[in-house]
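**Q** This is the structure I have questions about; it appears just below.
The values are calculated or read from the model by the stated rules, or taken from the named source; none is laboratory data. In this text, all values refer to a predicted model and were calculated from it rather than measured experimentally. Ideal geometry is used to build each Cβ from the backbone, glycine not excepted, and the neighbour counts take in all protein chains shown. Areas reflect the complete protein model, heavy atoms only, side chains present, ligands, DNA and RNA absent. Shrake-Rupley method; radii C 1.70, N 1.55, O 1.52, S 1.80 Å.
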Amino acid sequence: MAQPLDEIGAICRRHDAILYVDATATLGGMALPVDRWQIDAVSAGLQKCLSGPPGSSPITFNQRVVDIVTSRKHVEAGIRPADYVAGNGPPIQSNYFDLAMLMDYWGESRLNHHTEAASMLYAARECARIILAEGLETCFARHRTASAALSEGLTAMSLTLFGDQRYKMPNVTGVMIPGGVDGEAVRRLMLEDFGIEIGSSFGPLKGRIWRIGTMGYVCRKENVLHCLGALEATLRQCGVRAPPGVGVDAALAVYRAAEAKPA
């Protein structure tokens, strides 16, 4: 689901609270107006809608966060500059999450925090180049259309979508596992027979829903159609039947309508 954030930032400002957003499955797939929504910090990953390799986390944060982080700034003894003054807050325990030192690493002082994986920087830049070449609004529309097509296809197969659809994320679709069906068996057969992997879930939703991603490069018509056809065939093996091809037909209708709209 996509958390509705347009009013939360203003509430946080009134109460002097910091608003941090995890946009791992969001960045590159839907609009994220950080400043307009008054979000203080956002982190994401390359491996979802940006279609990059995992292991790097794009992040943005504002001056409010900088002030808090700087108050806890402590520099390792071996690399402290001569004019070093420690912050008043407790030291940040994890070197991985020490934003104060990372800001100096990327800033003018070039503090030696770690050895950067240059290949990941090239990968991140290429992810941004490709998505900007397509155009952000075009990319967002592609994700919305895939989401609508997948949703219509699943619904036509008499499957129930998870959650309030007003807040559905276009990049991931949650679908309830039908009663009496072994959700993990379906996932295994989808992977073994069709080479398609759909996700399970966690916590109270474990064993209750599947999560089907339509993100980045794989967010394309042919992939949506293949997934629906494979899921229909797999469910049929597990005793769940829908009129043959109904899911693919419903998804195709969405794509046909989208293709017919003027550019």
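**Q** Please report, in whole Å, how far the alpha carbons of the stretch 1-106 spread along each principal axis, starting with the longest.
**A** 47, 38, 19
**Q** Identify all aspartates and glutamates with a Cα-Cα distance to Lys168 below 14 Å; exclude those on the same chain that are fewer than 8 residues away in sequence.
**A** Cross-link targets: Glu152.
**Q** Over the chain, what number does the Rg to Rh ratio reach, with both radii from the alpha-carbon atoms and Rh per Kirkwood?
**A** Ratio value, two decimals: 1.06.
**Q** If I take all pairs of Cα atoms in the stretch 42-103, what percentage of them are more than 12 Å from each other?
**A** Working: 1377 of 1891 pairs.
Every Cα pair in the stretch 42-103 considered, those over 12 Å come to 73 percent.
**Q** Relative to the Cα centre, what is the charge dipole magnitude of the chain, using +1 at the beta carbon of each Lys and Arg, -1 at the beta carbon of each Asp and Glu, and rounding to the nearest 20 debye?
**A** On the way: 26 positive and 27 negative charges, 96 e Å.
Magnitude of the dipole: close to 460 debye.
**Q** Then there is this: Please give the length that would be gained between Asp83 and Arg13 if that part of the chain were fully extended, namely 0.36 nm times their separation in residues minus their C-alpha to C-alpha distance (nm, one decimal).
**A** 21.8 nm
**Q** Just to confirm the filter: which trypsin sites (Lys or Arg not before Pro) across the stretch 168-263 are DSSP coil and have at most 15 other Cβ within 10 angstrom of their Cβ?
**A** Lys206, Arg208, Arg220, Arg241
**Q** Further, regarding this structure: Enter the accessible area per residue of the chain (Å², integer; probe 1.4 Å; all protein chains in place).
**A** 58 Å²
**Q** How large is ³J(HN,Hα), in whole Hz, for each residue of the stretch 178-183 in order, when computed from phi with the Karplus curve 6.51 cos²θ - 1.76 cosθ + 1.60 and θ = phi - 60°, using x for Gly and Pro?
**A** x, x, x, 9, 7, x
**Q** Related question: Residue by residue, what Karplus-based ³J(HN,Hα) values in Hz, rounded to whole numbers, does the stretch 126-140 have, using 6.51, -1.76 and 1.60 with θ = phi - 60° and x for Gly and Pro?
**A** 5, 4, 5, 4, 5, 6, 6, 5, 5, x, 4, 5, 5, 5, 4
**Q** Any idea what angle helix 246-260 forms with the longest principal axis of the chain, computed on alpha-carbon atoms, 0 to 90 degrees, nearest 10?
**A** Around 60 degrees separate the two axes.
**Q** Based on the Cβ-Cβ distance of Thr70 and Arg241, what FRET efficiency does E = 1/(1 + (r/R0)^6) give at R0 = 45 Å, to the nearest 0.05? Don't jump to the answer; show the numbers that get you there.
**A** Working: r = 61 Å, r/R0 = 1.37.
E(calc), rounded to 0.05, equals 0.15.
**Q** Accessible area of the stretch 41-169 with a 1.4 Å probe: how many percent of it is carbon plus sulfur?
**A** Answer for the stretch 41-169: carbon and sulfur cover 57 percent of the accessible area.
**Q** Now for a separate question. Taking Cα centroids, how far is the stretch 22-85 from the stretch 129-160 in Å?
**A** 27 Å
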